[in-house]
1. When the residues of the stretch 65-81 are filtered to those that are touching a helix residue (DSSP H, G or I) at 6+ places or on another chain (Cβ under 7 Å) and at pLDDT 65 or above, which remaining residue is nearest to residue 41 (Cα to Cα)?
2. So which residues in the stretch 439-458 are part of a loop (DSSP other than H, G, I, E, B) and buried (at least 18 other Cβ atoms within 10 Å of the Cβ), if there are any at all?
3. Being modelled with pLDDT of 80 or more and in contact with a strand residue (DSSP E or B) (Cβ under 8 Å, 6 or more places away or on another chain) is the filter; apply it to the stretch 131-189 and report the residue that is farthest from residue 263 (Cα to Cα).
4. Of (1) without any contact (Cβ under 8 Å) to a residue 40 or more places away in the chain; (2) out of contact with any strand residue (DSSP E or B) (no Cβ under 8 Å at 6 or more places or on another chain); (3) not in a helix (DSSP H, G or I), residue 509 satisfies all except one. Which?
5. Condition check: more than 36 Å from the chain's Cα centre (by Cα) and surrounded by fewer than 18 Cβ atoms within 10 Å (Cβ to Cβ). Does residue 366 satisfy that?
6. Do we find that residue 294 is crowded, with 20+ Cβ neighbours inside 10 Å and either without any contact (Cβ under 8 Å) to a residue 24 or more places away in the chain or part of a helix (DSSP H, G or I) (or both) in this structure?
7. Please find, among 518, 558, the residue that is part of a helix (DSSP H, G or I), surrounded by 12 or more Cβ atoms within 10 Å (Cβ to Cβ) and either in contact (Cβ under 8 Å) with a residue 12 or more places away in the chain or under 29 Å from the mean Cα position of the chain (by Cα) (or both).
8. I'd like to know if the stretch 531-547 contains one or more residues that are over 44 Å from the mean Cα position of the chain (by Cα) and either touching a residue at least 60 places away in the same chain (Cβ under 8 Å) or surrounded by 15 or more Cβ atoms within 10 Å (Cβ to Cβ) (or both).
């Protein structure tokens, strides 16, 4: 099964698209035990998705988005569509994890090592690098244990889904038909009727704007607004205030020297003669004799290790590289294999070792001894770590006192600013209901700021934890109640909108009349563009509704004429010619197009199969949660 997963990575990637929430959003613990924090958002079989788990996933998506684009408005993640997608992804994960457990799928160490070693982020010069592996995980705040547990689950899930997508049947007739539709071409020329050209024909009634204002009053209401002052208390804020001396950094370096010392790594090549776990005595002897025969050839210099590996090794991935496994540390290979490699010396003759996979002819090709990083190289990293430790300790000690001071001295934030050297920040006018940037993108905090008592008494709002380990204290500086804009201020905008709406209707009516005349052999006095060929895969940014109109038009008699309303005006297309595409499936470009069809079919198959899991593991979503999403 693992060979199938490894050899069908593109198909597996199709499945991964179906699970819309990034795997890294959840710690492995949430898969292995129930989250008791908070009421559940949904139940999936015997597993629950708590409100806390859902909110943590939502907040982590915001953090990831903010890390990639600091200026982005994370409010887009609070949209109902994204929240639905987030919950659907959590549900899909729970379904698959229970199916994995039910089917008793597991991933052994060798399979895990192979997958991890193949990940480009963990490689240097196209070879797995243990130091790179550790550095990447450290930068993501992940331990090897948690990451590798996640990877085991991911691989096991792929093993589960692969037979579903691999068993899909793509009918030749259907594939060719789909390809022909994608490649079909139509030569068109276009004439445009810009909406702007019709604005001068519009005459508004004298009271049109006033009537619209009266009928749509809510459109012109300005929501309640506040201007806010706030401070942020977090471990990061406090750690930035700490100074660390050279002696303290050196003491930490000496105490944690192992942490800054690279592990011994070795490079080896092997030739694998496989054996099934239940192999008979005769099969064992045959495999051992084959391995011994190759070892004899190598010891007598009668053969090249690289050539023997390419011709005989059943580890196909390494065989292509002459048996080379790259660099690895202890703990990354099966024990018997690892003991043989780390027990040899560079330059030793090849040897034979048996593992659960069979017999291996092994050659050690490189040794890197443990090496401590120089103090100056890691000095800044250690200093940052010490400051983080101080900040975390100070934060833990400050949380309760901070909240009490904000509550007990409600007239100002100055006391907490002075005590923790916090820098105050002030906002512009915040409108109730608008999405805000971090750290004000928190519903509980905004509700507190717009609370009538907070506004009326100008007191500090309750302290709110807007993200794990991030507290915000805020107060209202100024307030504007909700009000309707004066008609005089919006009259021009209303008139402009009404004129534009009328112009669009005139253009569409005129355009439809011209299309009708042209279709009946008449003239319309249009200026046509140069001819161009359109297809579903090459359409020169033609609006989708216009493209559909062109390809849905009857072409038994040419030229044919169709029209479509676009963003800027009404477009009329004259179809001069129809050309069938070359549906030869051996053409590289056609194979690429068919790949998208294959992906679409695979996604449908996998989605349908995941849906059937709900029969085995029933899903219940709280109605109140659905309504609030």
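The values are calculated or read from the model by the stated rules, or taken from the named source; none is laboratory data. Keep in mind that what you see is a predicted model, and the values were worked out from it rather than measured. Every residue, glycine as well, gets a Cβ built from its backbone with ideal geometry; the counts of neighbours run over all protein chains shown.
1. Looking at residues that are touching a helix residue (DSSP H, G or I) at 6+ places or on another chain (Cβ under 7 Å) and at pLDDT 65 or above, I get 77.
2. 439, 440, 441, 442, 450 - these are the residues of the stretch 439-458 that are part of a loop (DSSP other than H, G, I, E, B) and buried (at least 18 other Cβ atoms within 10 Å of the Cβ).
3. That would be 189.
4. Condition not satisfied by residue 509: (3).
5. yes
6. When the stated conditions are applied, residue 294 passes them.
7. Only one candidate qualifies: 518.
8. no
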